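The values are calculated or read from the model by the stated rules, or taken from the named source; none is laboratory data. Model, not experiment: these values are computed from the prediction. Every residue, glycine as well, gets a Cβ built from its backbone with ideal geometry; the counts of neighbours run over all protein chains shown.
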Amino acid sequence: MSGLESLLMKARAAARRGEIEEARALYGRILERHPRNARAKAALNALTTAPAGTDTHAQIAFDRMVAAFEAGRMAEAAACGEALSRDHPHAHGVHNLLGAAMLELGDPRGAEIAFRRAIAADPAPSASCNNLSIALRRQNRDDEAEAVLREVIARVPDYADARYNLAGLLEEHDRCEEAALLLEQAIAIAPDHVDAHYNLGNLRARQGLRAEAIACFAAAATLHPGHADALNNMGAQLLADQRADEALSAFDRALRADPDNRNALVNRGKALSLKGERTAAIAAFRAALTVDPANASARLQALFEEAHICDWRRRGEYSLTHGPEAAAVQPFASLPFMDDPAHQLQRSRDCAARMFPEVTPPFPAPPPPEDGRIRVGYFSADFHDHATMHLMSGFFREHDASRFAVHLHSYGPRREEDAARIALRLRAASFTEISPLPDADVLALARAQGLDIAVDLKGYTLGTRTRLFGQRLAPVQVSWMGYPGTLGHPCMDYFIADRVTMPDGADAFFTEKIVRLAHCYQANDDARPILPDMRGRAGHGLPPDGFVFASFNQCYKISPAEWDVWMALLRAVEGSVLWLLRTNPWAEANLQREAAARGVDAQRLVFAPPLPHGEHLGRLTHADLFLDTFAVNAHTTASDALWAGLPVLTLTGRQFAARVAASLLCAVGLPELTTQTVEDYAATALALARDPARLADLRARLATNRRTHPLFDTEGYTRRVERAFEEMHRRRLHDLPPEPFDVR
């Protein structure tokens with residue numbers, strides 16, 4: 001028998017013998033060691049006073065009531081209490097415990113009556129007033145509950161629980177600073193108040209005050225080393241701060257305290273994923289499913305990690321990832337599993353309902369700019385040598401500083417000042433590191449800058465702070481480039497697309513109003529350097545003469561559907577190879593296994609290690625045809641290939657993410673490389689591999705078109721985006737609501 005159970009038995013025995021003070025002392029010892037033990041808390045609260053002047057029969061009945069309450073037999077406890085209260089109307093302890101039982105039975109009105117009788121019998125014990133406030137709150141009478149708690153605080157200033165409960169009430173009404181002050185006061189009164197430390201941590205986390213939240217959770221865990229929730233939440237904040245190793249330590253401690261804690265198991269998987277330990281992450285997510293087989297969040301994250309290592313054995317489980325829990329996983333994880341814009345809209349709406357406030361608050365109009373320029377704020381974690389900036393560096397270079405004041409807001413881990421970052425700093429009106437700032441401070445900064453337009457360049461992708469847009473950073477808010485889909489929330493006014501990615505009717509699957517640019521929505525830089533490759537094919541492990549199919553997409557985009565086609569091509573084209581991006585050793589092993597299972601020698605897969613961007617563009621000259629993935633196309637990688645002169649073959653899908661490569665190909669004058677069916681895709685690839693003259697013609701046209709067609713016309717593209725911003729701003733100045741429009 002554990003020491004806890006032994007103490008509980010001794011305390012109950014003392015209460016049954018009528019040794020109330022001894023029972024109180026024992027329950028007090030239990031709570032010193034286990035501050036969150038509900039049984040000890042309830043029993044100690046019940047032992048305020050036995051019925052005054054009781055006879056043996058009444059004492060036995062009261063003991064039976066206490067025992068029933070402790071055992072969770074609330075109906076029995078309430079029945080005992082009702083009988084005792086009739087015979088002993090002035091017994092404070094009876095009424096107080098009866099009220100507690102009524103609360104457990106879901107009868108807050110009955111509980112209120114009992115607590116008021118307890119207070120009438122003896123107003124001195126503050127716990128009854130505290131309990132009364134709970135009964136009132138459960139009847140949605142928060143104003144009365146607040147008044148009761150404030151009266152208790154005034155009467156008994158050192159009663160920490162009243163401040164603790166009032167803080168909870170105020171937080172529910174978004175009076176967060178008042179709530180935080182009350183929790184701090186409760187901790188000052190009772191430094192060992194574990195729940196106050198824990199709730200203050202949750203409140204600080206909600207406010208985006210990560211360092212303060214971590215300190216609060218650490219304090220709770222120090223006072224109660226087995227507090228799995230505090231350890232898990234501390235780990236979650238460390239993880240959000242990109243401190244994966246420290247987060248893992250916290251999750252491991254939480255799991256030692258509670259091995260079946262599914263939240264800690266899931267969060268441990270996230271930390272391992274951030275460290276690149278994908279198989280260990282999968283094991284953690286799958287362990288959470290062992291504890292809770294219906295956990296859609298854990299299942300979706302396991303499947304997404306398995307997609308990253310090309311383990312497709314359980315891909316059919318995707319149909320089990322629906323439900324409220326899955327909304328905790330960003331919709332990006334759903335994109336590769338289903339090409340269905342209606343499905344992705346619902347995923348986004350579910351996620352947005354958790355991430356953003358239900359209603360976007362009204363935005364005070366910023367003062368007119370002194371210099372007449374439109375003030376545009378761009379928010380991203382990718383203002384450095386990153387794929388998004390490879391595309392957008394030309395846009396920022398060409399952005400007209402005489403008409404637009406550009407304010408860049410960078411978050412994510414602090415980074416070296418690489419060339420891309422330095423160039424951005426030089427071109428912007430301001431460049432602010434907002435990663436250490438809580439959301440409230442970022443909001444204040446944006447409003448101090450008087451932003452007219454706020455642009456989200458991340459959406460639902462790794463490291464996002466898109467939730468900032470739920471509080472309104474500017475009167476006009478725009479989603480662009482970062483996430484290939486809708487946010488699913490009215491806080492975002494516009495989404496920038498084009499006629500290929502968003503044909504007529506596609507608006508129905510977006511909550512934003514669609515702005516369609518002529519030609520292509522995607523930014524591109526016509527000054528990206530291509531470094532000549534000096535290694536030759538052999539230096540990259542490629543055959544000197546065989547046909548080289550290439551796909552440099554991230555592995556999570558590859559599904560069995562593409563793989564079946566690609567392996568059939570290798571079987572049909574003698575001496576051909578498939579050139580893939582090297583991402584992780586597990587993906588390589590799994591793809592080699594999947595090739596062998598389809599009758600293809602695994603040696604015909606060639607994996608290319610990462611290279612600096614200019615060198616990567618240079619090596620693409622050795623490929624013959626880029627094969628695109630289906631549900632999530634090549635986006636930046638397709639632009640890379642086209643800029644380097646490599647033709648791209650795509651299958652035009654239904655959702656935005658599955659139509660990007662088609663948009664690029666149309667804008668560069670090669671629409672014949674956009675196919676509509678898997679059969680057409682496969683047939684076109686095979687035909688090109690067998691027709692060197694046709695392929696050479698495509699390459700020659702691409703070499704010309706990349707300099708003459710709109711895709712890589714950075715200045716023209718920038719002017720179109722600027723005209724879009726001007727129209728958005730004009731509509732706002734005239735108090736016109738956001739509406740779709742085209743930009744020629």
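A few notes on this one:
- Taken over the range 118-152, the criterion of being of a type outside the set (S, T, N, Q), surrounded by fewer than 21 Cβ atoms within 10 Å (Cβ to Cβ) and either at pLDDT 90 or above or under 22 Å from Glu172 (Cα atoms) (or both) is satisfied by Ala127, Arg137, Arg138, Arg141, Asp142, Asp143, Glu144, Glu146, Ala147, Arg150, Glu151.
- Cβ-Cβ contacts under 7 Å between residues 6 or more apart (or on different chains), taken from a first residue in the range 213-234 that is surrounded by fewer than 21 Cβ atoms within 10 Å (Cβ to Cβ) to a second residue that is outside any helix (DSSP H, G or I), are listed as Leu223/Pro35; Leu223/Asp192.
- Residues in the range 484-507 that are farther than 17 Å from Ala662 by Cα and assigned to a strand (DSSP E or B): 2 in all.
- Candidate set from the range 235-264 (those that are out of contact with any helix residue (DSSP H, G or I) (no Cβ under 6 Å at 6 or more places or on another chain) and without any contact (Cβ under 8 Å) to a residue 24 or more places away in the chain); member that is surrounded by the fewest Cβ atoms within 10 Å (Cβ to Cβ): Pro259
- Only a single item in (1) farther than 30 Å from Leu239 by Cα; (2) modelled with pLDDT under 90; (3) not β-branched (Val, Ile, Thr) is not met by Gln207, and it is number (1).
- Picking from residues in the range 177-194 that are surrounded by fewer than 21 Cβ atoms within 10 Å (Cβ to Cβ) and not aliphatic (A, V, I, L, M), the one that is nearest to Val156 (Cα to Cα) is Gln185.
- Filter result for Ala302 (surrounded by fewer than 24 Cβ atoms within 10 Å (Cβ to Cβ) and within 14 Å of Arg262 (Cβ to Cβ)): no
- Residue match in the range 315-325 (condition: among the basic types (Lys, Arg), surrounded by fewer than 21 Cβ atoms within 10 Å (Cβ to Cβ) and not in a helix (DSSP H, G or I)): no
- Only one of the numbered conditions (1) small (Gly, Ala, Ser); (2) part of a helix (DSSP H, G or I); (3) touching a residue at least 60 places away in the same chain (Cβ under 8 Å) is violated by Ala638, and that is (3).
- Helices (runs of 4 or more DSSP H) wholly inside the range 231-306 that include at least 2 residues being within 16 Å of the chain's Cα centre (by Cα): 262-274
- Pro357 meets the conditions (1) in contact with a helix residue (DSSP H, G or I) (Cβ under 7 Å, 6 or more places away or on another chain); (2) buried (at least 17 other Cβ atoms within 10 Å of the Cβ); (3) of a type outside the set (Ser, Thr, Tyr) in every case but one. The failed one is (2).
- Those residues of the range 528-539 which are more than 29 Å from Met392 (Cβ to Cβ) and surrounded by 13 or more Cβ atoms within 10 Å (Cβ to Cβ), in sequence order: Arg535, Arg537
- Restricting the range 203-212 to residues that are surrounded by fewer than 20 Cβ atoms within 10 Å (Cβ to Cβ) and closer than 16 Å to Leu231 by Cα, the residue that is farthest from the chain's Cα centre (by Cα): Glu212
- Filtered by the rule that a residue be under 29 Å from the mean Cα position of the chain (by Cα) and farther than 26 Å from Asn584 by Cα, the range 521-566 gives Tyr521, Gln522, Ala523, Asn524.
- Counting only residues that are at pLDDT 95 or above and assigned to a helix (DSSP H, G or I), the range 471-483 holds 0 of them.
- Count - residues of the range 571-618 that are small (Gly, Ala, Ser), in a loop (DSSP other than H, G, I, E, B) and free of Cβ contacts under 8 Å to residues at least 40 places away in the same chain: 2
- Leu542 vs. criteria in contact with a Ser or Thr (Cβ under 6 Å, 6 or more places away or on another chain), over 30 Å from Tyr717 (Cβ atoms) and either acidic (Asp, Glu) or buried (at least 19 other Cβ atoms within 10 Å of the Cβ) (or both): no
- For the range 123-151, the set of residues classified as part of a helix (DSSP H, G or I), more than 21 Å from His197 (Cα to Cα) and of a type in the set (A, V, I, L, M, F, W, C) consists of Cys129, Leu132, Ala135, Leu136, Ala145, Ala147, Val148, listed by residue number.
- Extreme residue, surrounded by the fewest Cβ atoms within 10 Å (Cβ to Cβ), among residues of the range 545-566 that are among the hydrophobic types (A, V, I, L, M, F, W, C) and outside any loop (DSSP other than H, G, I, E, B): Ala561
- Output for the range 152-183, where each listed residue is assigned to a helix (DSSP H, G or I), within 18 Å of Leu200 (Cα to Cα) and basic (Lys, Arg): Arg163
- Flag for Leu274 being touching a Ser or Thr at 6+ places or on another chain (Cβ under 9 Å) and either under 23 Å from Phe217 (Cβ atoms) or in contact (Cβ under 8 Å) with a residue 24 or more places away in the chain (or both): no
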